[in-house]
Amino acid sequence: MSELLNAIKAAQKIVIHRHVRPDPDAYGSQCSLAEIIKENFPEKTVLRAGEGEPTLQFLSKMDEVEDVDFKDALVIVCDTANQARVDDQRYATGATVFKVDHHPNDDPYGDYNWVETTASSTSEMIYEWYSTHKEELRLPAKAAELIYAGIVGDTGRFLFPSASPKTYRYASELVTYPFSRTVIHDALYETKANVLRLQGHILQTFSLSEEGVASVSITRQMLKQFETTAQEASQLVGMLGNVSGIKAWVFFIEEEHLIRVRLRSKGPVVNTIAKRYEGGGHPLAAGASIYDWEMVHQVVSELKRATLEA
Ligand SMILES: [Mn+2]
């Protein structure tokens, strides 16, 4: 943590990245860190790199980043487990790369790697970093809002086991800052009617195996029928978590050139399965890719096996 502060102090230009297809924690960690640096080191240039996500624009906006901005720059990559997932691959052209993440550190791509797999979110790590250096750093309300949104996003509103006593303690401090939790909650959980209809369709049609495994396949045809995107469908993966008797489940969502595999679990380890299909993630929530609907059976049998072994 002190190396991160030293690296920031030593840099004149700082470019902050996060993963592709950003979620609230990706935005929250990236943009809160940018706000903290701007507040405390106004003489430095701080840029937020990556493609903007329309549904997260209410939190923050990305900057236009030119190739030249990476020259002699400190690059900080938040919430991104591996190099391929970094949004804007020019990150590697910076002078120094600093990884800040809470996923398993299988790809320590940074010159510095600060990884806390027990942290609920990378946003929580940013708060911890600020908190550790409280004597020298100020936390602007905007940063508090972004961190709060990131924690809410990655803990499913403080429901997942990853929300630790520390997470709640930090949250209790964050909510003393002047921002509206209602605005954040409403914006994060607002759902389009057609997405809810797809959700209804999934609830009507899913089946649960005797092992406690459910599998949902969403083809491009279905996405078209419900006028939803693959990204929107991906966000529905948590919805089967309340099904009585479910132990693990998987969504297969067809994109243009691949089928995205979203694995979720109540106990069986699923990231080992994801790793066999060009993916990875957390033990209980992982993602992967397959290229043929024929492969679905294989992934589902592996998931059943993992469930029986758990
Ligand atoms: Mn995260």
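The values are calculated or read from the model by the stated rules, or taken from the named source; none is laboratory data. As the structure is a prediction and not an experimental result, all values here were calculated from the model. Quick reminder, even Gly has a Cβ in these numbers, built from the backbone with ideal geometry, and neighbours come from all protein chains shown. These area figures cover heavy atoms from the full protein model, side chains too; ligands, DNA and RNA do not enter into them. Shrake-Rupley method; radii C 1.70, N 1.55, O 1.52, S 1.80 Å.
Remark: region 122-129, residue by residue, has Karplus-estimated 3J(HN,Hα) of 6, 4, 4, 5, 5, 5, 4, 5 Hz, where x stands for each Gly or Pro and the curve is 6.51 cos²θ - 1.76 cosθ + 1.60 at θ = phi - 60°. Rounded to the nearest 20 debye, the dipole size of the chain about its Cα centre is 700 debye, using +1 on the Cβ of Lys and Arg and -1 on the Cβ of Asp and Glu.
Suppose every K and R has +1 on its Cβ and every D and E has -1 on its Cβ; what is the size of the dipole of region 37-194 about the Cα centre, in Debye to the nearest 20?
Using only the charged Cβ atoms, the result is roughly 560 debye.
Shape call for region 2-189 from the C-alpha gyration tensor, a ≥ b ≥ c root eigenvalues: rounded (a/c under 1.5), prolate (a/b greater than b/c) or oblate? Judged from the Cα gyration tensor, region 2-189 comes out rounded (a/c under 1.5). Only one residue of Gln225, Met239, Gln298 has its Cα farthest out toward the positive end of the dipole of region 196-309, where Lys and Arg carry +1 and Asp and Glu -1 on Cβ, and that residue is Met239.
At 1.4 Å probe size, with the rest of the protein present, what percent of the exposed accessible area of the chain is carbon and sulfur atoms?
Numbers: 7080 of 14450 Å².
Result for the chain: 49 percent of the exposed heavy-atom area is carbon or sulfur.
Using helices alone, I'd like the mean residue ellipticity at 222 nm for the chain: each DSSP H run of four-plus residues gives -39500 (n - 2.57), total over residue count, nearest 500.
Numbers: 11 runs with 114 residues, N = 310.
Estimated from H runs of four or more residues: -11000 deg cm²/dmol.
Taking all protein chains as they are arranged and a probe of 1.4 Å, the heavy atoms of Met1 leave approximately 70 Å² accessible to solvent.
Would you list which lysines come within 27 Å of Lys266, measuring only between C-alpha atoms, while excluding same-chain residues fewer than 8 positions from it? Here the lysines satisfying the reach criterion relative to Lys266 are Lys166, Lys247, Lys275, Lys304. Ranking Gly94, Gln83, Leu139 by Cα position along the charge dipole of region 60-164, where only Lys, Arg, Asp and Glu carry charges on their C-beta atoms, puts Leu139 farthest toward the positive end.
Annotation: amide H of Lys266 within the under-5 Å range of Ala248, sequence separation 5 or more or interchain, hydrogens built in the peptide plane. Among His185, His297, His19, the sequence by solvent-accessible area, most first, with a 1.4 Å probe is His297, His185, His19.
Hey, in the GNM for the chain with a 10 angstrom Cα cutoff, which one of Thr191, Thr167, Thr117 fluctuates hardest? Judging by the Gaussian network model, the answer is Thr191. Qualifying chymotrypsin sites (Phe, Trp or Tyr not before Pro) in region 129-184, where qualification requires a DSSP coil assignment and no more than 11 other C-beta atoms within 10 Å, are lacking entirely.
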